[in-house]
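Notes follow once the structure below has been shown.
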Amino acid sequence: MADTAALSLTPAPQALPPPPTAYRWLVLVIVSLAMFGNYYVYDCLNPLEELLNKDLGIDAERFGLLFSAYSLPNLAMLLVSGVFIDRVGAHRATAIFATICLVGAGLTAISGHYGYGMMLAGRCCFGLGAESLIVAVTAGIARWFKGKELSFAFGLNLTIARLGSFAADWSPRWAKGAFDTWQGPLLIALAFAAVSLVTAIAYWAIERHGSRRYDLGAAGETDKIEFKAILSFGRTYWFVVALCVTFYAAIFPFRSFAVKFFQTVHGTSLEGAGALNSSLILGSMIFTPLFGLLVDNVGRRATLMVVGTLLLVPNYLLLMNTSLTPWLPMVLMGVAFSLVPAVMWPAVAYLVPERNVGTALGVMTMFQQIGMMLVPWLIGRVNARHVTDAGADYMPMMLIFTGLVAVGIAFSLLLWKAERGPNARGLETLTTRGSEAPRTEAEKAA
């Protein structure tokens, strides 16, 4: 009784208030700038296919392998990094991964003096940090915006991040002098990697300050890979993962080879080809936040993923028609590239327990990287055979991309069907993270 009485006299700890709106949006801008540099470094190679071939003798297949090398380390790393993020916190993880990105960009920038193997190693090192950085940022945004404009916040994050891709596509215009040699554009990319690290460190400092003053929810509760939890995520989560793999495998490898495609098939200049390639990014920058806002207000996430995937179907084959302007299919691809990611990535926060969000995002991105590793190599190998001095036949490349989209449509329809059944997880409703969808029986058991 004495102990109980003593405890009753101890004042309860005062609950922390939620973070103010301005503070949350400041965090969003900071982490998005970290991703801006990340996206620039990834896409800085897009305008360099011809220059790398001329200066360093890198053919289409080896050019594709540079993108495959980016994805290779993530086949195992992303599963570990997701748990690492859950354990140490998104703010610390972001700074650590941004440091790895900077090292990778530096190795790539000096690689031409040491051989193609060094360039592969640099891209591999960059990929080791870059995809994990994206997972860390996504987990951080999910923590700051859970139940509060999550899809809209993620849309704005992608808009700022994709400015990096847009800047890389336009670099032959605004940094024309740097394209005299292969190394100039890569040194610019190194500078953007440094900006990414600086903003990642700023995010670390801001979250340390905010976590002492505001209620940000639970973090750092996972200290091991919970294979049982992964297996219990449910089929809806795995349909989203499968859609993610096919969707991104059809988009990013196309962008990697698109600049030379536009120069060869449509007769555009390097600057014009970069502008065409950037139209996909520009469309996504405009529409992604709007689609995020739409989803936050109407739900229908599974339906919108079907619609976005269907938008991709005709575009690759339309681009082969030289009598039509390539701008229209590129803009349609940009709309699809806005809609699907704006819905798909935030959906993970609704499908798994909060303590496993980092792990779930890591697993999803790991599978995404399987497609991102295999498809660029495959396209490079196909183009090395069909795009030669004797003739340039890009139809095999376009058929591969169209086939990937068809598989993505199948998984999006399976997702839509599952969300209309008795075990729906709430993707079609206005369910928020603070009011979770019903759990599957496997998740209840876990």
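The values are calculated or read from the model by the stated rules, or taken from the named source; none is laboratory data. All of these numbers come straight from a predicted model, not from anything done at the bench. All Cβ positions, even for glycine, are placed from backbone atoms using ideal geometry, and neighbour counts span all protein chains on display.
Overview of values
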item: A12 assigned to a helix (DSSP H, G or I) and modelled with pLDDT under 95; result: no
item: Residue list for the range 121-177, filter: acidic (D, E) and closer than 24 Å to Q369 by Cβ; result: E131, D169
item: Unique residue being over 19 Å from the mean Cα position of the chain (by Cα) and over 25 Å from I409 (Cα atoms) when the list is L319, L276; result: L276
item: Residue within the range 336-351 that is among the small types (G, A, S), at pLDDT 90 or above and within 19 Å of the chain's Cα centre (by Cα) present; result: yes
item: Among the candidates I225, I206, residue that is at pLDDT 80 or above, of a type outside the set (S, T, Y), over 21 Å from the mean Cα position of the chain (by Cα) and surrounded by 16 or more Cβ atoms within 10 Å (Cβ to Cβ); result: I206
item: Test: E131 is acidic (D, E) and surrounded by fewer than 24 Cβ atoms within 10 Å (Cβ to Cβ); result: no
item: Members of the range 79-122 that are more than 30 Å from R24 (Cα to Cα), of a type in the set (A, V, I, L, M, F, W, C) and touching a Ser or Thr at 6+ places or on another chain (Cβ under 7 Å); result: M118, M119
item: Filter result for G82 (on the phi > 0 side of the Ramachandran plot and modelled with pLDDT under 95); result: no
item: Filter result for V137 (of a type in the set (A, V, I, L, M), at pLDDT 80 or above and touching a helix residue (DSSP H, G or I) at 6+ places or on another chain (Cβ under 8 Å)); result: yes
item: Subset of the range 162-181 [touching a Gly at 6+ places or on another chain (Cβ under 9 Å) and closer than 26 Å to A347 by Cα]; result: G164
item: Filter result (more than 28 Å from T388 (Cα to Cα) and basic (K, R)) within the range 21-71; result: R24
item: Which numbered condition T268 misses (of (1) in contact with a Leu (Cβ under 7 Å, 6 or more places away or on another chain); (2) surrounded by fewer than 20 Cβ atoms within 10 Å (Cβ to Cβ); (3) in a helix (DSSP H, G or I); (4) not charged (D, E, K, R)); result: (3)
item: The range 103-113, residues that are touching a Phe, Trp or Tyr at 6+ places or on another chain (Cβ under 9 Å), among the hydrophobic types (A, V, I, L, M, F, W, C) and crowded, with 22+ Cβ neighbours inside 10 Å; result: A105
item: Residue selected from the range 150-196 under the condition part of a loop (DSSP other than H, G, I, E, B) and surrounded by fewer than 19 Cβ atoms within 10 Å (Cβ to Cβ), by the criterion modelled with the lowest pLDDT; result: T181
item: The range 292-304: number of residues that are buried (at least 23 other Cβ atoms within 10 Å of the Cβ) and either assigned to a loop (DSSP other than H, G, I, E, B) or touching a residue at least 60 places away in the same chain (Cβ under 8 Å) (or both); result: 4
item: Counted residues, the range 232-274 - those being β-branched (V, I, T) and free of Cβ contacts under 8 Å to residues at least 12 places away in the same chain; result: 1
item: Checklist (1) in contact with a Gly (Cβ under 9 Å, 6 or more places away or on another chain); (2) of a type in the set (S, T, Y); (3) farther than 16 Å from T138 by Cβ applied to T94, failing item; result: (3)
